[in-house]
Amino acid sequence: MQPVLINGQWRDSSGSDSFQAENPATCELLPDVYPVSSWEDCDAALQAAEQAAEALWQLPGTIVADFLEAYASRIEERAEELVEMAHLETALPKSPRLADIELPRTTGQLRQAAAAARNGSWSLPTIDTNTGIRSVYRSIGPVCVLGPNNFPFAFGSISGGDFAAAIAAGNPVIAKANSSHPGTTRLFAEEAQAAAEQAGLPAGMVQLIYRTHHDVGERLVSHPLVGATGYTGSRVAGLVLKNAADRAGKPIYLELSSVNPVVILPGALQERGAEIAEEFVSSCLLGTGQFCTNPGLMILQKDTGTDLFIQSVSQKFRDAPVGTLLGESVEKGMVAGVQTLQDAGAELIVGGRSGGGTGFCHQNTLLQVTGAQFLSQAENLQKEIFGNESLLVLADDLDQAHQVLRLLEGNLTGTIYSASDGTDDIAYGRVASILRRKVGRLINDKMPTGVAVSSAMNHGGPFPATGHPSFTSVGIPAAITRFSQLQCFDNVSSNHLPVELQDENPLGIWRFIDGEWTH
């Protein structure tokens, strides 16, 4: 049985249940056995994290930055082993996906978070010299991070963006591994703990459990010692945790579900329909469709060229190889999801059944409905299906497309393709006026798959894309403030203030003083 990491020590779990990860490509269980933690493990981790949070109050952000930088370097030194383990547990390609894309993104995020922690400007120090009142964003306390199955590195619970942001804000992190890749998470935790010791951080700064029963997870995110939680995963499980956290008044930041609508305007279809078809299919099937920004809904208007476009997309779906899904539950979810769409009136064009590839897999699947059908069954026809599937909505005209857009739920992204010669400009304005309020990131003339690690990025959106439309899980410094609280100091002498608010400004950071930015 693999040990858990609690209070700086690898130790046996107090839980009696266990589980094993499976290799999605072979459908076989992997040999390592992992514990399902009881409340005793969680309670011990919380107590250690609280002690670490108190110690961190006195430590400068430079020490946290040293940790994040050392951790990134240690990950690079162990890259080959991490890639091998992640490939075994997820069947994601070693190259380019894991080694050349996701791992460099992971270390890049950690280093961006380190720079923010070292600089301190993310905390928005604000000073009113007339009243003697000063405020700054600072750590909120122990943070729980629950990562997804589809990004074992870049969104991992002890390596990804939520982890980096929480640490940069000066919080200890209790990470819960995703059951799809516990071995990968364990390797990261080994290097995180070594880097924490190297930087001189308190023992409970980084901790790891692998899995809990549902009632234990609810108790954890709602515990009085928890400052906040970051969660990426299914809508059903996320809302259960949100309900528990909300009852206790605990912040929880959720990334849940998104169909990422793509609107193709008539001028664009006539101008470059073949090119758009290729982009759409490539985006839909990339990573076997297991991206949170996968284009799961396309809105077209019945027009010259529409039938030819659909035929082209359909043939490409048929011809493309079927990829491996992340696990049996993903395959079953696709089967159930496709059936839900068909029950709601969607016509199956391509695919629709399990199989067609290696291991856990499902045929590349394309369905279509009319605009009128969508309007009558909007709730069921926009449920996210995690995998290599997409739904085409054929609106009669722009007015009906407008009605379809009004019924969309919140999404991470929304895309509009329009003609380069300006013939779609009026239609674009009508579409964008609605779509802009429905999505976190509005995209023009390219597919949504992929999330750039940029300070300007918003990887968030209205519910149910996330639990709160004003926050992003990608992009430093904005992602950091989720795991902070605004702290105000009234008539506190300079030597008792956090370093960001002291008169001397030893860090030389930008501060908002008497209505002006200065440093």
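Here is how the numbers come out for the structure above:
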{"read-out": "Contour minus Cα-Cα distance for Glu328 and Asn444 (0.36 nm per residue)", "value": "38.2 nm"}
{"read-out": "Carbon plus sulfur fraction of accessible area for segment 354-476, probe 1.4 Å, in percent", "value": "49"}
{"read-out": "Option label - Rg and Dmax of the Cα atoms in Å computed here, alternatives (1) 23.6, 96; (2) 26.0, 80; (3) 24.0, 73", "value": "(3)"}
{"read-out": "Distribution of pairwise C-alpha distances over segment 69-211, 10 Å bins, in %", "value": "12, 42, 29, 11, 5, 2, 0"}
{"read-out": "Peptide ranges 470-476, 165-171 listed from the most packed, as the mean C-beta count within 10 angstrom indicates", "value": "165-171, 470-476"}
{"read-out": "Listed residue pairs exceeding 24 Å between alpha carbons, taken from Lys316/Lys438; Lys332/Lys383; Lys383/Lys438", "value": "Lys316/Lys438"}
{"read-out": "Over segment 474-519, equivalent-ellipsoid semi-axes from the Cα gyration tensor in Å", "value": "21, 14, 11"}
{"read-out": "Local electrostatic count at Lys446 - Lys and Arg +1, Asp and Glu -1, tallied over other residues with Cβ under 14 Å", "value": "-2"}
{"read-out": "For peptides 242-255, 115-128, 446-459, sequence by mean Cβ density within 10 Å, most packed first", "value": "115-128, 242-255, 446-459"}
{"read-out": "Counting all C-alpha pairs of segment 91-175, share separated by more than 23 Å (%)", "value": "36"}
{"read-out": "Relative contact order computed over segment 366-459 (Cα-Cα under 8 Å; 6+ residues apart), in percent", "value": "26"}
{"read-out": "Cα gyration tensor shape for segment 1-151, rounded if a/c is under 1.5, else prolate or oblate", "value": "oblate"}
{"read-out": "Exposure of Glu379 as accessible area (Å², to 10), given a probe of 1.4 Å and all protein chains", "value": "130"}
{"read-out": "Cβ-derived FRET efficiency at R0 22 Å, Glu347 paired with Gln311, nearest 0.05", "value": "0.95"}
{"read-out": "Förster-model FRET efficiency, 45 Å R0, Leu407 and Glu28, C-beta, rounded to 0.05", "value": "0.55"}
{"read-out": "Length added when fully stretched, His214-Ala320, from 0.36 nm per residue minus Cα-Cα", "value": "34.3 nm"}
{"read-out": "Placed amide H near Thr370: partners under 5 Å, 5+ positions off or other chain", "value": "Leu394"}
{"read-out": "Shape box of segment 192-328 [Cα atoms, principal axes, largest first, Å]", "value": "63, 37, 30"}
{"read-out": "Per residue accessible area of segment 107-264, 1.4 Å probe, in Å²", "value": "28"}
{"read-out": "Accessible area (Å², per residue) of segment 271-324, counting only protein heavy atoms and a probe of 1.4 Å", "value": "40"}
{"read-out": "Structure-based [θ]222 nm, the chain - -39500 (n - 2.57) summed over DSSP H runs of at least 4, per residue, nearest 500", "value": "-12000 deg cm²/dmol"}
{"read-out": "3J(HN,Hα) from dihedral phi, segment 427-444, Karplus parametrisation 6.51/-1.76/1.60, rounded to Hz, x for glycine, proline", "value": "4, 4, x, 5, 5, 5, 4, 9, 4, 4, 7, 9, 9, x, 10, 8, 10, 10"}
{"read-out": "Aspartates and glutamates whose Cα lies under 16 Å from that of Lys250, excluding same-chain neighbours fewer than 8 positions away", "value": "Glu50, Glu218"}
{"read-out": "Protection-proxy order for peptides 220-230, 399-409, each taking the mean of Cβ atoms within 10 Å per residue, highest first", "value": "220-230, 399-409"}
{"read-out": "Principal axes of segment 52-128: Cα extent on each, largest first, Å", "value": "54, 24, 18"}
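The values are calculated or read from the model by the stated rules, or taken from the named source; none is laboratory data. Please read these numbers as outputs of a predicted model, since none were measured by experiment. Positions of Cβ are generated from backbone atoms using ideal geometry, with glycine treated the same way; all protein chains shown enter the neighbour counts. What goes into the accessible areas is simple: the full protein's heavy atoms, side chains included, and nothing from ligands, DNA or RNA. Shrake-Rupley method; radii C 1.70, N 1.55, O 1.52, S 1.80 Å.
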